[in-house]
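Asks: My questions will all concern the structure given below.
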Ligand code: NAD
């Protein structure tokens, strides 16, 4: 395998997390301890693993975490009450509501209840709107991580033609908005597109966020394009269970100039950007209370 073509998400996320650690240490010196509250409703096994990983990464970065576990039969009011308490608690900087929620809880209503300034997932409509207007808001973690991988790989993205496959609220749409902000020409294709493959073949950058194992093979790709594979699909193969992306990696590799593997590509970036968003939220909340202009390492927030 040509490892020169591999975009190493583990290494890139380690760099982001190292910067987060430095920033947290600087904040702590100023008496500001970033705190992330994580809410898990129910006992979904995958969600439990995600929450555990998020809390571990937070602690490693020096961010304090608070874990709130509600039973699967917790009502909408109970979830909203908890969010309201965390919104009002000035010591909490970020609130993450682990998805999916049990079916009886209205996801949009719960996400909209989170104060936009503490919405470290970037799902609140105020943050979504701000992103589409190009304002500096908390942006969804997975697309932010993809942008970091793209700029690490390509530098300036101006003028590139990017095709995003998938239009979900958490990946496809914010990804398209971020690429547009970076001055790409952006095409979004989805399940109802009649010519997705043809459009994709014209792309300099392909971001696949579909949730279909190995759907995108070499026939979708232009020679020399860069591929970011967001998909995480568990399949059974040769009698064992494994994770694969939306892109057929072996088929794509000879064509692309760079590609993310699954696992080890986008996945680690998502958690790293959750930590970065928590620090951003902490800085913005502190700035709202007092001027932090004397803190040079925080100037990018
Ligand atoms: P989703 O199901 O909400 O959206 C999938 C999108 O794919 C839809 O917009 C749909 O229109 C489009 N689609 C479906 N079939 C298509 C087809 N044949 N051609 C073109 N488009 C098609 O999924 P999501 O939440 O956006 O997640 C997508 C994938 O990314 C999943 O595999 C998910 O597990 C993964 N994911 C990974 C991370 C990470 O941290 N790496 C984070 C979020 C999601």
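Asks: Which condition breaks for residue 287 when tested against (1) modelled with pLDDT under 95; (2) assigned to a loop (DSSP other than H, G, I, E, B); (3) surrounded by 14 or more Cβ atoms within 10 Å (Cβ to Cβ)?
Replies: (2)
Asks: A further question on this structure: Go through the stretch 217-254 residue by residue and tally those that are under 25 Å from residue 155 (Cα atoms), outside any helix (DSSP H, G or I) and in contact with a strand residue (DSSP E or B) (Cβ under 9 Å, 6 or more places away or on another chain).
Replies: 13
Asks: Only one residue in 108, 142 is in a helix (DSSP H, G or I), within 16 Å of the ligand (Cβ to nearest atom) and surrounded by fewer than 19 Cβ atoms within 10 Å (Cβ to Cβ), so which one is that?
Replies: None of the other options fit; the residue is 108.
Asks: If you don't mind, there's one more thing I want to ask. As an exercise: evaluate residue 84 against (1) touching a residue at least 24 places away in the same chain (Cβ under 8 Å); (2) closer than 30 Å to residue 224 by Cα; (3) touching a helix residue (DSSP H, G or I) at 6+ places or on another chain (Cβ under 9 Å); (4) more than 16 Å from the ligand (Cβ to nearest atom) and give the number of the one condition it does not meet.
Replies: (2)
Asks: Taking only the stretch 167-211 into account, find how many residues are over 25 Å from residue 139 (Cα atoms), within 9 Å of the ligand (Cβ to nearest atom) and outside any helix (DSSP H, G or I).
Replies: Qualifying residue count for the region: 2.
Asks: Further, regarding this structure: Restricting attention to the stretch 17-33, which residues are under 22 Å from residue 92 (Cβ atoms) and assigned to a helix (DSSP H, G or I)?
Replies: 17, 20, 21, 23, 24, 25, 26, 27, 28, 29
Asks: Looking at the stretch 160-172 only, could you name the residues that are buried (at least 20 other Cβ atoms within 10 Å of the Cβ) and either under 22 Å from residue 277 (Cβ atoms) or within 12 Å of the chain's Cα centre (by Cα) (or both)?
Replies: 164, 166, 171, 172 - these are the residues of the stretch 160-172 that are buried (at least 20 other Cβ atoms within 10 Å of the Cβ) and either under 22 Å from residue 277 (Cβ atoms) or within 12 Å of the chain's Cα centre (by Cα) (or both).
Asks: Kindly evaluate residue 157 against the criterion of being away from the ligand (no atom under 14 Å from the Cβ), in contact (Cβ under 8 Å) with a residue 24 or more places away in the chain and either over 17 Å from the mean Cα position of the chain (by Cα) or not in a strand (DSSP E or B) (or both).
Replies: It is true that residue 157 is away from the ligand (no atom under 14 Å from the Cβ), in contact (Cβ under 8 Å) with a residue 24 or more places away in the chain and either over 17 Å from the mean Cα position of the chain (by Cα) or not in a strand (DSSP E or B) (or both).
Asks: Being surrounded by 12 or more Cβ atoms within 10 Å (Cβ to Cβ) and either without any contact (Cβ under 8 Å) to a residue 12 or more places away in the chain or part of a helix (DSSP H, G or I) (or both) is the filter here, so list the residues in the stretch 1-10 that pass it.
Replies: Hits for the stretch 1-10 are 5, 9, 10.
Asks: Are there any pairs, at least 6 apart or on different chains, whose C-beta atoms fall under 7 Å, with the first in the stretch 217-242 and closer than 14 Å to residue 264 by Cα and the second at pLDDT 95 or above and loosely packed, with under 13 Cβ neighbours inside 10 Å, and if so, which?
Replies: Taking only residues 6 or more apart or on different chains, the pairs are 242/235.
Asks: Return only the number of the condition from (1) closer than 14 Å to residue 208 by Cα; (2) touching a residue at least 40 places away in the same chain (Cβ under 8 Å); (3) more than 10 Å from the ligand (Cβ to nearest atom) that residue 164 does not satisfy.
Replies: It fails just one condition, (3).
Asks: Criterion first (at pLDDT 95 or above and near the ligand (Cβ under 9 Å from one of its atoms)) does residue 270 satisfy it?
Replies: The answer is yes for residue 270.
Asks: Kindly indicate which of 24, 41, 79 is farther than 21 Å from residue 230 by Cβ and not assigned by TED's automatic domain parsing to the domain that holds residue 95.
Replies: Testing whether each residue is farther than 21 Å from residue 230 by Cβ and not assigned by TED's automatic domain parsing to the domain that holds residue 95 leaves just 24.
Asks: Continuing with the same structure: What are the residues in the stretch 220-256 that are away from the ligand (no atom under 15 Å from the Cβ), farther than 14 Å from residue 202 by Cα and surrounded by 15 or more Cβ atoms within 10 Å (Cβ to Cβ), if any?
Replies: Once the filter is applied, which keeps residues that are away from the ligand (no atom under 15 Å from the Cβ), farther than 14 Å from residue 202 by Cα and surrounded by 15 or more Cβ atoms within 10 Å (Cβ to Cβ), the stretch 220-256 yields 251, 252, 253.
Asks: Are there any pairs with C-beta distances below 9 angstrom linking a residue in the stretch 262-273 that is at positive phi to a residue that is in a helix (DSSP H, G or I) and within 9 Å of the ligand (Cβ to nearest atom), with the two at least 6 apart or on different chains, and if so which?
Replies: From residues that are at positive phi, the pairs are 264/9.
Asks: Another question, then. Scan the stretch 116-133 and tell me whether some residue there is surrounded by fewer than 17 Cβ atoms within 10 Å (Cβ to Cβ), within 14 Å of the ligand (Cβ to nearest atom) and part of a loop (DSSP other than H, G, I, E, B).
Replies: Taking every residue of the stretch 116-133 in turn, none turns out to be surrounded by fewer than 17 Cβ atoms within 10 Å (Cβ to Cβ), within 14 Å of the ligand (Cβ to nearest atom) and part of a loop (DSSP other than H, G, I, E, B).
The values are calculated or read from the model by the stated rules, or taken from the named source; none is laboratory data. Given the structure is predicted, the values throughout are model-derived calculations rather than measurements. Because the Cβ atoms are built from the backbone with ideal geometry, glycine has one as well, and the counts that use them run over all protein chains shown.
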